[in-house]
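The values are calculated or read from the model by the stated rules, or taken from the named source; none is laboratory data. None of these values were measured; they are calculated from a predicted model. No Cβ is skipped: glycine too gets one built from the backbone with ideal geometry, and neighbour counts run over all protein chains shown. Remember, those area values only see protein heavy atoms, side chains included, never the ligands or the DNA or RNA. Shrake-Rupley method; radii C 1.70, N 1.55, O 1.52, S 1.80 Å.
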Number of protein chains: 4
Amino acid sequence: MNSFGRLFRVSIFGESHGQGVGIVIDGSPAGIPLHPEDFLKDLKRRLPGTPGTTSRQEPDYPEIKSGVLENRTTGAPILIYFRNTDCRAEDYEEQKNLPRPGHADLVAFYKFGGFNDFRGGGHFSGRLTVALVAAGVVAKKIISPAQVEAELLEAGGSRDIQKAVDRAIEEKDSVGGIVECRAKPLPPGLGEPFFDSVESLISHLVFAIPGIKGVEFGDGFACSQMKGSECNDPIISKAGKTLTNHAGGINGGITNGNELVVRAAVKPTPSIPRPQRTMNLRTGEEKVLRLSGRHDTCIALRVPVVLEAAVAIVLADLMLIAQKIPLVWRKI
Amino acid sequence: MNSFGRLFRVSIFGESHGQGVGIVIDGSPAGIPLHPEDFLKDLKRRLPGTPGTTSRQEPDYPEIKSGVLENRTTGAPILIYFRNTDCRAEDYEEQKNLPRPGHADLVAFYKFGGFNDFRGGGHFSGRLTVALVAAGVVAKKIISPAQVEAELLEAGGSRDIQKAVDRAIEEKDSVGGIVECRAKPLPPGLGEPFFDSVESLISHLVFAIPGIKGVEFGDGFACSQMKGSECNDPIISKAGKTLTNHAGGINGGITNGNELVVRAAVKPTPSIPRPQRTMNLRTGEEKVLRLSGRHDTCIALRVPVVLEAAVAIVLADLMLIAQKIPLVWRKI
Amino acid sequence: MNSFGRLFRVSIFGESHGQGVGIVIDGSPAGIPLHPEDFLKDLKRRLPGTPGTTSRQEPDYPEIKSGVLENRTTGAPILIYFRNTDCRAEDYEEQKNLPRPGHADLVAFYKFGGFNDFRGGGHFSGRLTVALVAAGVVAKKIISPAQVEAELLEAGGSRDIQKAVDRAIEEKDSVGGIVECRAKPLPPGLGEPFFDSVESLISHLVFAIPGIKGVEFGDGFACSQMKGSECNDPIISKAGKTLTNHAGGINGGITNGNELVVRAAVKPTPSIPRPQRTMNLRTGEEKVLRLSGRHDTCIALRVPVVLEAAVAIVLADLMLIAQKIPLVWRKI
Amino acid sequence: MNSFGRLFRVSIFGESHGQGVGIVIDGSPAGIPLHPEDFLKDLKRRLPGTPGTTSRQEPDYPEIKSGVLENRTTGAPILIYFRNTDCRAEDYEEQKNLPRPGHADLVAFYKFGGFNDFRGGGHFSGRLTVALVAAGVVAKKIISPAQVEAELLEAGGSRDIQKAVDRAIEEKDSVGGIVECRAKPLPPGLGEPFFDSVESLISHLVFAIPGIKGVEFGDGFACSQMKGSECNDPIISKAGKTLTNHAGGINGGITNGNELVVRAAVKPTPSIPRPQRTMNLRTGEEKVLRLSGRHDTCIALRVPVVLEAAVAIVLADLMLIAQKIPLVWRKI
């Protein structure tokens, strides 16, 4: 399904080289101040522009088409829409039957019997994350004063991120990275015991971001190498404050009031300038793929604000479920 | 919520030291042969008994209370119930107000205002995974001939798993591990483009298993250190077969027909014999916790069959959604 | 699906002549006093015993198997189970292939390929409403001080209900009826604008009760014959109080603070002593069906408490969504 | 929630006098021919234009913004958008605090704390049904060759519909009606045993249509006055064909293969030219409401095609769940 959430629910739509992309946000409390300008800071963080990002230029101005009156949310569903303006669908015509390795091209072809929009990945494109970022802006307002902040920790295994990207550009290759997101202050008690653990919900949404291949909380995979006496966080206040935070702010699937910490592994962009081995999907002929199109060398550079959005969306839902957020904002 | 799934839906209930635990399985096709004996092999794999596992002894015989007639599923919801027989609720009475570090005790207290069943973690206990394993047995039948197999790759960072566990026992400590699960053959096309990617759904369910702190697919976190030319899997057949499988059988959130590979990081059991620092939840007094109760030194030893169940449950749901499974089994 | 609700969610299971029936209640606030005795009054109202009801005798004692500790809800899922004790599965053996007209026998056979539990309707039986009544008891506690009360208005078109039933018994026939349910006091603002209107949700659950063929709110079908000037309820207080209540307490799908009024049309029990025309499902042979088994002459006599349960379950969910109910009960 | 459905899922948004209204359709099979012209016939049936309908004129041309490529569905979410062009928001400014009796004005004010879009009912307006009709057009294609057809049976209690409407116009009043919808041929076995009965799902969606106060299936409320021997439909073929169809094609909540029959009671339009009693929501002052704005005298005239859409949307979902529809259309 292209929708997610219980009380704060988002439904995403659109294609990379179609008319546009967007998101319907259902369940937002009424009365929240919301203006198109409020989105620009986060949207800009997702925009390409630095070396290592695509040369495609989209203004990404959010059109709020419903759910807002006089710059306040009304409580009705909010549709935020982004027109595509810098499409080059023709870049993809000759690759139509040549699936890019590591991309959704092949699976989309099989899943939808060849009717899928193949242009630039269509509905599978990273372009849709612009809509997620927009929903994240609304979510961040809802969960305020809690703050969600993400950063790129490393690229290609190196903390010298720019160097790793530069080398990949030089080698006509691409490179992955690790993005970390932290959220605080959070009330204890968010999340549900079993299937709706905080980790379950956040990982669900984070793995929806194209290119993510791993998600971990707190010390994550490193926990597997630790002893209980190292990994357990001593409790030092009645309210649940712990001396260390190996758990990343989550015990038993529920927030414990400490900082929430989640990391995501981003794979290298599959679209690379180097020639690659593929097959013609209709004829079965072996082919060497030489990509035209405009692509990111390191998509991880643009992931932090998307990861923030995913985490904020889940937190908004959980805080509404836990009745930590009023359904009607006070009039200011 | 304590339920999960769209067409194949499970609802879990029960407590560690209450009357029992169980699961309602809704949406199973009709006509599947199902007998209590069918569960025993997987249930036995989850049972303790080897060094490093708890001394609690539960027979874990599944009572099928609905949805089955003459050893065939009827299409109605299947309730599978496990009585608790070897409870020692009194082990927990004196720890009632002393949350175990790394455990759900504290968050359960705050979330449910002190009304939670505190005995051995109550509803948050790993005991509930017996119900998940039972649902997994049904799911495995549904997705057959696809096979799901998991194993413990390492404990405490070491491939010599028994040695790592023995040392932890000796040190009155506990140890984590990494479990890997593989599934094949799978049809290409399972999963949905955005929020219901295969990774989203599997991670959702895997993070519901107590003690999991990280989930990765294919090369996972290692992808973040790779170049696109290394990470991309060359396509070598029209049907989607790839030369390598760094993607773990998933592109764009959709199965590509290659083997599905997922790994989970299991943290060390938080309940350890060593004294630990905690607080009395009601008085705020600092306390040293000395645990009685019977606990696993390495819970990861018992996770493989639980991880298989989680993966099989998601695959059963996705294969029903993709119409890869008939809703009525042929009469044999 | 055999489950319903967003925050207060019920999952039903069981068969008429199997081991038992029951319900899992997920999302109940913690701390609500709950004892098996609390269920008896409503369960008794559903029991047969008066002329016009079946001679099957079930004690219907609720076994609370999870989610309650020391007679308080813990916040974890509550399983309430009813054993079947007075089964006579053999009554149904010879009718196995002879679908009762007006019953689910035929559709169950086709839907589940003949694997369905055919004994007394199996999972389709009115027996399952005992589980719904149990969930209703929990829901009523949650929504208190709001009260939900239903009564049988007429049977066979007559207000002299007993007379209508007696005649049907005499004629070896059965008879339908109309049940009305009222709820108050309710806060204004429950329900959602479009797909989750209060009418949508209540009718959804009411039509799940076996035998219901019509549902209306306020003046319902009579509205279709009215003029706007007659049907509109003049607003006489700022809080939404109206002079009349033709709307049944609902405008635009949302409660307006006036009494909620819903009526359900119950069809006559399809199982009647008279011979009826049917077909052998396997051979296609025409047959005359002469029913053994024990059946109600007027099932509508037993519907009021079931209708109350359905309405209370929806209201509990809506009041939790609208944050009108605390998630943790105060300790008394 | 403003979304509905399990596999075929619609999410609605928009306001009467905002920028526009629309719907996201998720889960449509790929490859279905879809062109804006395909919508015009049904959209035109919903348009006003005859006496008794509003003078507001909207071209209602569907903008397909995603999910369609070269006039075929791609399998990705389909957004269909309708711009509002003939708004007169100023008609509503002076009524802003004067709730129209029988309308959602008052409940919207309370539910959303006065932040709701009050102009012409905002998100609660019948204007949104244009989006439902659009989704219905897609659903009708999916369920073909099954046909869904609705008609207005009576208005103001009279079969001479035009006369009833004319009298209401003359009296500066409004009038209700009854709309009936029939669907065939349908396979037996659609729907689920308990909470997702066909009646549950259809009534859920039908009660979402503004102005509906009653829903019945087959003989509906008349069943309550019948005897079992009259109401039961004799089974005359192995495939489930019945001699009569009092059940309206549904037994035990499941389609039995006979024609599905549902009727909806439409209340008289609450907006009438006559003066009405109301209150100023902010001051509590009693007021006489004299409506400007353009309204329908008999909204029931425009309901048939909306009812068809609701029924078709549910059937599309149920037929996908029952695997009666291929997920990929054959290329023609």
Principal axis box of the range D:188-262, alpha-carbon based, largest edge first, Å: 39, 28, 19
Distance in nm between pseudo-label sites at B:K238 and B:E259 (7 Å out along the Cβ direction from Cα): 2.6
Cβ charges +1 (Lys, Arg) and -1 (Asp, Glu), total dipole of the range B:255-332, debye: 240
Cut-off 11 Å between beta-carbons: net charge of the residues surrounding B:L69, Lys and Arg +1, Asp and Glu -1: -1
Percent RCO, i.e. relative contact order, over the range A:235-287, from Cα pairs under 8 Å lying at least 6 residues apart: 20
Innermost chain B residue relative to the axis carrying B onto D, by Cβ distance in angstrom: B:Q323, 2
Percentage relative contact order, chain B, counting C-alpha pairs under 8 Å, at least six apart: 24
D:C87 - accessible surface, heavy atoms, 1.4 Å probe, Å² rounded to 10: 50
Gain in span if fully extended, C:D166 to C:K184, counting 0.36 nm per residue against the direct Cα distance: 3.1 nm
The range A:233-332: Cα Rg divided by the 2.2 N^0.38 Å rule of thumb: 1.79
Estimated dipole of the protein assembly as shown in Debye, rounded to 20 [Cβ of Lys and Arg +1, of Asp and Glu -1, Cα centre]: 0
7 Å along Cα→Cβ, label-point gaps from C:N71 to other copies, nm, shortest first: 4.6, 5.8, 7.3
Relative contact order for the range C:29-76, counting Cα pairs under 8 Å that sit 6 or more residues apart, in percent: 60
For the range C:115-175, convex hull volume per residue from C-alpha positions, Å³: 129
Net charge of neighbours whose Cβ lies under 13 Å from the Cβ of A:R127, counting Lys and Arg as +1 and Asp and Glu as -1: +1
Nm distances between copies for D:V288, ranked from closest, using label points 7 Å along Cα→Cβ: 7.2, 8.6, 8.9
Per-q log10 I(q)/I(0), the range C:85-149, q = 0.14 Å⁻¹ (Debye; single scatterer per alpha-carbon; no solvent): -0.56
Surface per residue (accessible, 1.4 Å probe) for the protein assembly as shown, Å²: 32
Peptide A:113-122, shielding by other chains (average Cβ, 10 Å cutoff): 6
Ranked packing of A:133-141, A:248-256, most packed first, by mean Cβ within 10 Å: A:248-256, A:133-141
Taking all pairs of distinct alpha-carbon atoms in the protein assembly as shown, Kirkwood radius in angstrom: 31.6
Globularity ratio of the range B:3-322, using Cα Rg and 2.2 N^0.38 Å: 1.05
Sites B:S55 and C:R45 - FRET efficiency at Förster radius 51 Å, r taken between beta-carbons, to 0.05: 0.55
Surface share of carbon and sulfur [accessible, 1.4 angstrom probe, percent] for the range C:3-322: 49
Environment charge at A:L43 (Cβ cut-off 14 Å; Lys +1, Arg +1, Asp -1, Glu -1): +1
For residues of C:126-133, the mean tally of beta carbons on other chains within 10 Å: 1
Protein heavy-atom accessible area occluded, A/B pair - total, 1.4 Å probe, Å²: 8000
With 5 Å bins from 0: P(r) over the range C:106-234, alpha-carbon pairs, percent: 2, 7, 11, 16, 18, 17, 13, 9, 5, 2, 0, 0
Sparsely packed GluC sites (Glu not before Pro) within the range D:28-121, loop by DSSP, other Cβ within 10 Å at most 15: D:E70, D:E94
Helix D:304-321 vs. chain D, principal-axis angle (Cα, 0 to 90°, nearest 10): 40
Projected-area mean, the range A:1-93, by convex hull of Cα positions, square nanometres: 7.3
Calculated [θ] (222 nm, deg cm²/dmol) that DSSP helices of n ≥ 4 give over chain A, each run adding -39,500 (n - 2.57): -6000 deg cm²/dmol
Protein-protein interface of the range A:142-166, residues with accessible area decrease of at least 20 Å², isolated chain reference, 1.4 Å probe: A:G156, A:G157
Within 10 Å of each Cβ in C:4-16, the average number of Cβ atoms from other chains: 5
Label 7 Å beyond Cα on the Cβ vector: A:E94 copy-to-copy distances, nm: 6.8, 8.0, 8.0
Exposure ranking of A:D160, D:D219, B:D296 by accessible area [1.4 Å probe, largest first]: A:D160, D:D219, B:D296
Charge dipole (the range A:3-322, unit charges on Cβ, about Cα centre) - positive-most of A:L190, A:T297, A:P234: A:T297
Electrostatic dipole magnitude of chain C [Cβ: Lys, Arg +1; Asp, Glu -1; Cα centre; debye, to 20]: 300
Rounded accessible area of B:H295 (nearest 10 Å², 1.4 Å probe): 50
q = 0.08, 0.10 Å⁻¹: log10 I(q)/I(0) that the Debye formula gives for the range C:1-155, counting C-alpha atoms only: -0.27, -0.41
